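For reference, the structure discussed in these notes is given below.
The values are calculated or read from the model by the stated rules, or taken from the named source; none is laboratory data. Quantities reported herein were computed from a predicted structural model and do not represent experimental measurements. Using ideal geometry, Cβ is built from the backbone for each residue, glycine included, and neighbour counts are taken over all protein chains shown. Accessible surface areas use protein heavy atoms only, side chains included; no ligands, DNA or RNA. Shrake-Rupley method; radii C 1.70, N 1.55, O 1.52, S 1.80 Å.
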Amino acid sequence: AELLKDYNGGEAVAQGENFEPSPANIEARTKRSNVPGGLQLALVPKKTRGATVNANLQLRFGDEASLQGKGPAGTLAGSMLARGNKRLSRQQLQDEFDKLKAQVNISGNAMGASASIQTTRDNLPAVMKLVMESLREPVFPETEFAQLKRELLTGLEAQKRDPQALAFNAFGRQLNAYPKSDPRYTGTFDETVADLNAVTLDEVKTFHANFYGASNAQLGVVGDFDEAAVTKISSETLGSWSSPKPFTRLVSKLPNPILANQSLETPDKANAVFVAGIPFAMRDDDADYPAMVLGNYMMGGGFLSSRLATRIRQKEGLSYGVGSFLQVSSHDKVASFGGNAIYAPQNVAKLEAAFNEEIARALKDGFTADEITAAKSGLLQSYKVNRAQDGGLAGTQANYLYLNRTFRWNEELEQKIAALTAEAITAAMRKHIDPTKFTVVKAGDFAGKPPVK
């Protein structure tokens, strides 16, 4: 008692509430509004441990015609946003964020820009002002521009020798449906290097001046914050920031890849990379979407007992990491399914055979009742865990404003997944997945490592 008589303890830490991250509860707690000028807000106030708060701002600009040939300049403009504004240098800006206990990421490309924030209730207004200042008033210092170019070019040179970067670049180019002038075009590493070298600082400044604005912007905020203060700052900083050019969403196109099984040599690299997949027509509100989601999950999209992981990694020990992926647009009927693996180059033949066999087995025989029951439980639990992460939830809220979507969509999706039958899953996968039309890319030191029979 004598030793502790003068001890007052540390500063009290705010305790969070027991927030249920169900779609229904999130929807009930979400407050949506529009700020004059075009900004949309989605606010989810709640008590959090340490009075933390997360925010996600998304800006969208341009259209297909105005953005032609602007990809490299737009990418560099977005990368320069956090490197100094009219009032603060890059280091001074970072020092301010540190003082405000804020983790901030500001980025952009030719089609839009975004900023994510994590800070505390008391500091959020000041952090928001700093972020808006960087978005609206970057100064693009010549020294920072030169340094950024060096960093990007150094990274690209390294990727030219990296099996994973090479494999995914080649695969992405096969599934690319856009001309070189389009900002969504997937270039070779040499093309990207040439484009970066060609972009001037004046072009970057001009891109920002011609496209940046908040006429089509969305802000999601989740956590402990003053609603009136957030709305006021958003209106003051973004409400009058009009976009110089009109915005029209770029329509996605379904690619028609050349059927290929491509092998790329990366000498003296210990690991090889395999990626294979197929594009198909689907949007995330299509009837088959829930079945494809669960089918992909059981195939290798995160399920601990997935078919690919069980066979290729656990049973045969052919891969250090293997999985499947499903990408489906919310706007257009553009989707893709596939898989990838990291493995020793000498196992290339065995790995590809095992991958093909497991895909074929799933399409032929489907999944067992026990697999489906376990997968439903695991997938729905993963959705709940993701919704409990405030940073991710703030990003989803901003994106849903753009999509004109509420969390009722999530609730309905989960109900559809829970009701799926084995027959429905198999039928959907057979309808959209044709292994004979897979685009396959492998990258590794195959010449230096004879394949194991």
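A few comments on the model shown:
- A single member of Val322, Val385, Val328 is more than 21 Å from Ala443 (Cα to Cα) and in a strand (DSSP E or B), and it is Val328.
- Count of residues meeting criterion [surrounded by fewer than 15 Cβ atoms within 10 Å (Cβ to Cβ) and not in a loop (DSSP other than H, G, I, E, B)] in the range 363-377: 6
- Within the range 18-32, residues that are under 15 Å from Gln389 (Cα atoms) have Cβ atoms under 9 Å from residues that are open to solvent by 80 Å² or more (accessible area, probe 1.4 Å) in these pairs: Phe19/Lys47; Pro21/Asn386; Pro21/Gln389; Pro23/Arg408; Ile26/Glu20, counting only partners at least 6 apart in sequence or on another chain.
- Tabulated pairs, the range 128-141, first surrounded by fewer than 16 Cβ atoms within 10 Å (Cβ to Cβ), second in a helix (DSSP H, G or I), C-beta under 7 angstrom, 6+ apart or interchain: Lys129/Ile233; Lys129/Thr237
- Within the range 429-449, being touching a Leu at 6+ places or on another chain (Cβ under 9 Å), assigned to a helix (DSSP H, G or I) and not polar (S, T, N, Q) holds for Met429, Arg430, Pro435, Lys437.
- Check on Arg184, more than 30 Å from Arg121 (Cα to Cα), part of a loop (DSSP other than H, G, I, E, B) and open to solvent by 10 Å² or more (accessible area, probe 1.4 Å): yes
- In the range 298-357, residue farthest from Ala272 (Cα to Cα) [restricted to those that are modelled with pLDDT of 95 or more, of a type in the set (Phe, Trp, Tyr) and more than 19 Å from the chain's Cα centre (by Cα)]: Phe355
- The range 74-91, residues that are under 11 Å from Met111 (Cα atoms) and open to solvent by 10 Å² or more (accessible area, probe 1.4 Å): Thr75
- Tabulated pairs, the range 303-314, first touching a residue at least 40 places away in the same chain (Cβ under 8 Å), second open to solvent by 20 Å² or more (accessible area, probe 1.4 Å) and of a type outside the set (Ser, Thr, Tyr), C-beta under 6 angstrom, 6+ apart or interchain: Phe303/Gly378; Leu308/Val322; Ile312/Val322
- Residue in the range 245-253 that is open to solvent by 70 Å² or more (accessible area, probe 1.4 Å) and β-branched (Val, Ile, Thr) present: yes
- Scope the range 188-202; condition in a loop (DSSP other than H, G, I, E, B) and without any contact (Cβ under 8 Å) to a residue 12 or more places away in the chain; matching residues: Thr200
- Looking across the range 262-312, the residues that are assigned to a helix (DSSP H, G or I), open to solvent by 10 Å² or more (accessible area, probe 1.4 Å) and among the aliphatic types (A, V, I, L, M) come down to Val293, Ala309.
- The single residue among Ala398, Ala360 that is among the hydrophobic types (A, V, I, L, M, F, W, C), open to solvent by 40 Å² or more (accessible area, probe 1.4 Å), touching a residue at least 60 places away in the same chain (Cβ under 8 Å) and outside any strand (DSSP E or B) turns out to be Ala360.
- Qualifying residue in the range 148-166 (condition: farther than 30 Å from Val275 by Cα, in contact (Cβ under 8 Å) with a residue 24 or more places away in the chain and not charged (D, E, K, R)): yes
- Yes/no for Leu380 being at pLDDT below 95, surrounded by fewer than 20 Cβ atoms within 10 Å (Cβ to Cβ) and at negative phi: no
- Taking (1) touching a residue at least 60 places away in the same chain (Cβ under 8 Å); (2) surrounded by 19 or more Cβ atoms within 10 Å (Cβ to Cβ); (3) not aliphatic (A, V, I, L, M) in turn, Gly112 satisfies each apart from (1).
- Members of the range 410-425 found to be assigned to a helix (DSSP H, G or I) and in contact with a helix residue (DSSP H, G or I) (Cβ under 8 Å, 6 or more places away or on another chain), listed by number: Asn410, Glu411, Leu413, Glu414, Lys416, Ile417, Ala418, Ala422, Ala424, Ile425
- Only one entry of Phe171, Phe207 meets the criterion of being closer than 21 Å to Arg60 by Cα, assigned to a helix (DSSP H, G or I) and open to solvent by less than 30 Å² (accessible area, probe 1.4 Å), and that entry is Phe207.
- Residues located in the range 402-447, provided they are under 22 Å from the mean Cα position of the chain (by Cα), hydrophobic (A, V, I, L, M, F, W, C) and surrounded by fewer than 21 Cβ atoms within 10 Å (Cβ to Cβ): Leu403, Trp409, Leu413
- Unique residue being farther than 30 Å from Ala214 by Cα, more than 22 Å from the chain's Cα centre (by Cα) and of a type outside the set (A, V, I, L, M, F, W, C) when the list is Glu137, Glu157, Glu142: Glu157
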